[in-house]
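Student: Below you'll find the structure I mean.
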Amino acid sequence: MAEPILAGVAESELGETPDRNWLDNAAIATVRALEDAGCSLADVDGVAVAGGNDYMPALVLSEYLDLDEPSFLEGTEIGGSSFEHFCGHVRDAMTRGEADVVVVAYGSTGKTGPGRDRSLEETHPVDGFVRPTGLFRPPGAYAMAARRHMHEYGTTEEQLAEVAVSTREWASMNPKAAQQDPITVDDVLESRQIAEPFNLLDCCLVSDGGGAVVLVSEEKARELGVPEIAVAGVASTSTHRQDISEMPDMTTTGAAVTGPNAFAQAGITHDDVDVAEIYDSFTYTALVTLEDLGFCEKGAGGEFVSGGTTAPGGELPMNTQGGGLSYCHPGHFGIFVLIEAARQLRGDYEGDRQVDDAEVAVAHGTGGLLSSSSTVVLRREA
Amino acid sequence: MSAPVEDRRESWDGPVPVPTGATVPFWEGTLEGDLRYQECDCGNRQLYPRAVCTDCGAEDPPFEESEGVGTIYTYTVCHVPGEPGFADRTPYIVGAIELAEGPRLLALLDADPDVLEIGASVAVTFWRLSDEAAMPVFVPE
Ligand SMILES: [Zn+2]
């Protein structure tokens, strides 16, 4: 099976982009990622898009960029894990010889764009069971899962806060991060209550912005002369969608399935992983995903994230750009975990910001209300 | 069972369920103080109501009446309103309730947050929100 090469990555402007729509941000990121890969729009023969405000996003972006009859089109929407999920489809397409240069793109105006104002008639019947409860989703849904984890395993609010503290340490070295001032566990615990046990600093930012990665065939990568960051393993699954009470076991996510599958495809073990970019919509998201991916025993996530394990200089550098908690979070953060994983493997940074000699990275996406999981293993070829 | 149904039509500003398709018998039951779930001939029990059994695929599995009691699987105390009409209610509690019959249901918990506990027993009551539907709300037993 062909392994797609992650040849280029880029963000659009992040933070607030009041003069851009989701498509502008996706397109800007796409063009920049192509430039990063050393190619151009004329090379593109595949498009994979999720998010945005359109139910035919791949068609919309193809038109916007005036692509010349792309042969690969993908718009599967599984929330924040869509882009990791696409990596598998791109691999299949490249194996079939269907495409050589595929852009995986996302854009959003999650912060300054129009809010959603839906009536219950327009939505799924399950909404009639969920929305009248007033649950603030997604935070309240993730908070309920976190509460159950605390009940079953003795996980504490302090341990959840450790995730926010260590990602902020990484963010303090990232000029693009929205929040760069160091924080303590107490700062997290004393921040405004959102949905117990979550305080404000347990929750991701809300941003505008876009991101894109360019996946190319091995032949094309050689032609371009880019560092060969290979997609060595990909797996996806879902456990539920619209109602957190439908999640079979709120303390175990789909990562318990996708992690082992992706690791096996790549032929790696946890010891091989140099850097982890783990979706952190909330502190709990990262904590439970680390457990489910097998970096520690089930239930020991709280202990694992304490004491700087995932902070700069720690045993498992995680969310080295500051994550959704401190860097940006336009809605589907999954594109940004791929971007940062590639940059670490390429050795783009200097000093403490760069993980020493990183060869293998895990990029994990989570979508919905802890609903979907996609794991990608990236490996820098010698 | 027939649990109390309190008429909140005048004071409710939040979202109101719209009975459609497979959910109609559920919402009809709520007006009478009955909490219904689907129990298929194959034995599978499910909520929210659907047009097919998620176990065997049978169409329109019939409804049964729950005893209206269960336990708290988990909960959150909401300090930020998640829907219109909830601003004046904060903090309020949303729980995932495991019914004695098995299915789980997301619902408001009308209780004191300070004494709430996962695993505690709760019983259903209803708040009538419209001419067509009453919302299940659980209280400590
Ligand atoms: Zn059945």
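The values are calculated or read from the model by the stated rules, or taken from the named source; none is laboratory data. Predicted, not measured: the structure shown is a model, and the values here were computed from it. For neighbour counting, all protein chains shown are included, and Cβ atoms are generated from backbone atoms with ideal geometry for every residue, glycine included. Please note that ligands, DNA and RNA were not included when accessible areas were found on the heavy atoms of the full protein model with its side chains. Shrake-Rupley method; radii C 1.70, N 1.55, O 1.52, S 1.80 Å.
Student: Restricting attention to the stretch A:202-215, which residues are open to solvent by less than 10 Å² (accessible area, probe 1.4 Å) and part of a loop (DSSP other than H, G, I, E, B)?
Tutor: A:Ser207
Student: For the stretch A:310-339, name all the residues that are out of contact with any helix residue (DSSP H, G or I) (no Cβ under 8 Å at 6 or more places or on another chain) and either open to solvent by 30 Å² or more (accessible area, probe 1.4 Å) or among the polar types (S, T, N, Q) (or both).
Tutor: Within the stretch A:310-339, A:Glu315 is the sole residue that qualifies.
Student: Hey, could you check the stretch B:108-127 for residues that are within 11 Å of chain A (Cβ to nearest Cβ) and either modelled with pLDDT under 95 or assigned to a loop (DSSP other than H, G, I, E, B) (or both) and say which is most open to solvent (accessible area, probe 1.4 Å)?
Tutor: B:Glu117
Student: Name every residue in the stretch A:71-100 that is surrounded by fewer than 22 Cβ atoms within 10 Å (Cβ to Cβ) and either modelled with pLDDT under 95 or assigned to a loop (DSSP other than H, G, I, E, B) (or both), in order of residue number.
Tutor: Within the stretch A:71-100, A:Ser71, A:Gly75, A:Thr76, A:Glu77, A:Arg96, A:Gly97, A:Glu98 meet the criteria.
Student: Can you name the helices (runs of 4 or more DSSP H) wholly within the stretch A:128-201 that have at least 1 residues being among the small types (Gly, Ala, Ser) and within 30 Å of B:Thr30 (Cα to Cα)?
Tutor: In the stretch A:128-201, the matching helices (runs of 4 or more DSSP H) lie at A:139-153.
Student: Related question: Does A:Ala58 fit the bill of being in a helix (DSSP H, G or I), aliphatic (A, V, I, L, M) and open to solvent by 40 Å² or more (accessible area, probe 1.4 Å)?
Tutor: no
Student: Follow-up. Would you check if there is a residue in the stretch B:100-107 being away from chain A (no Cβ under 14 Å), open to solvent by less than 50 Å² (accessible area, probe 1.4 Å) and outside any strand (DSSP E or B)?
Tutor: Yes - at least one qualifying residue is present in the stretch B:100-107.
Student: Mind checking which residues of the stretch B:20-46 are within 14 Å of the ligand (Cβ to nearest atom), surrounded by 15 or more Cβ atoms within 10 Å (Cβ to Cβ) and assigned to a loop (DSSP other than H, G, I, E, B)?
Tutor: Scanning the stretch B:20-46 gives B:Cys40, B:Asn44.
Student: Give the stretch A:146-158 a look and list any residue that's at the interface with chain B (Cβ under 7 Å from one of its Cβ atoms) and either over 21 Å from A:Glu190 (Cα atoms) or open to solvent by 40 Å² or more (accessible area, probe 1.4 Å) (or both), or say none.
Tutor: A:Arg148, A:His151
Student: Please work out if B:Pro61 is surrounded by 15 or more Cβ atoms within 10 Å (Cβ to Cβ) and within 16 Å of the ligand (Cβ to nearest atom).
Tutor: So B:Pro61 fits the description; yes.
Student: Something else: Please find, within the stretch B:47-57, the residue that is nearest to A:Phe129 (Cα to Cα) out of those that are more than 7 Å from the ligand (Cβ to nearest atom) and of a type outside the set (Gly, Ala, Ser).
Tutor: B:Tyr48
Student: Mind checking which residues of the stretch B:65-90 are surrounded by 13 or more Cβ atoms within 10 Å (Cβ to Cβ) and either in a helix (DSSP H, G or I) or within 13 Å of the ligand (Cβ to nearest atom) (or both)?
Tutor: Hit for the stretch B:65-90 is B:Arg89, nothing else.
Student: Name the residue, out of A:Ala382, A:Ala361, A:Ala342, that is open to solvent by 10 Å² or more (accessible area, probe 1.4 Å) and of a type in the set (A, V, I, L, M).
Tutor: On inspection, the qualifying residue turns out to be A:Ala382.
Student: Given A:Thr289, A:Thr258, which one is in contact with a Phe, Trp or Tyr (Cβ under 8 Å, 6 or more places away or on another chain) and part of a helix (DSSP H, G or I)?
Tutor: One residue alone meets the criteria, A:Thr289.
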